[in-house]
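Everything below concerns the one structure shown next.
Where a number appears in this text, it was derived from the coordinates with a stated rule and is not lab data. A quick note: this is a predicted structure, and the numbers were derived from the prediction, not measured. Neighbour counts are summed over all protein chains in view; Cβ atoms, including those assigned to glycine, are modelled from backbone coordinates with ideal geometry.
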Amino acid sequence: MSVELKRIRKVLLERREELQKRVRTITDDVRHTSGPLSSDFAEQAVERENEEVLDALGEAGRVELRQISRALVRIESGDYGTCQGCGEQIPWSRLKVLPVSDHCVLCAEDANPR
């Protein structure tokens, strides 16, 4: 495994750990594991609004965790850095910025036109 690949793998593992902690905290907050909702109706409304935001953040974290898991599988299988669209190598410069990327810039743009 190259030095660059080891570095990216380390970044992915660290990010995965950080996200797992964050998602657990968000889940605990939404489930009110530290205590029930406030008895004040106005405060409950604010807490419910906050839960919606936390739910969205939690889902974004879970999506990123799935992307990280797929990237780590590609590293272990030797497929990391190969575009899933065209089969060409994804430039290291792209992988450094977006280590979960499984498409080169051109294929990613084709898949997500503006």
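Numbers for the structure displayed
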quantity	calculated
³J(HN,Hα), Karplus 6.51/-1.76/1.60, whole Hz, each residue of the stretch 8-22, x for Gly, Pro	5, 4, 5, 4, 5, 5, 5, 5, 4, 4, 4, 5, 4, 5, 5
Summed residue charge, Cβ within 13 Å of residue 5's Cβ, Lys/Arg positive, Asp/Glu negative	+3
For residue 82, residues with placed amide H under 5 Å, excluding near neighbours	90
Distance in nm between pseudo-label sites at residue 76 and residue 64 (7 Å out along the Cβ direction from Cα)	2.2
Computed FRET value (nearest 0.05) for residue 5 with residue 49, which takes r as the C-beta separation and R₀ as 30 Å	0.10
Pairwise FRET efficiency - residue 56 versus residue 106, Cβ, R0 = 25 Å, nearest 0.05	0.25
³J(HN,Hα), Karplus 6.51/-1.76/1.60, whole Hz, each residue of the stretch 71-85, x for Gly, Pro	5, 5, 5, 5, 4, 5, 7, x, 8, 5, x, 9, 5, 6, x
Estimated vicinal HN-Hα couplings, Hz - the stretch 55-67 in sequence order (Karplus 6.51, -1.76, 1.60; Gly, Pro = x)	4, 5, 5, x, 5, 4, x, 5, 4, 5, 4, 5, 5
Spin-label proximity, residue 30 to the stretch 53-75 - amide N less than 12 Å from point 7 Å beyond Cα toward beta carbon	53-63
Set of aspartates and glutamates near residue 21 by C-alpha distance (under 17 Å), chain-local residues within fewer than 8 positions excluded	29, 55, 59, 64
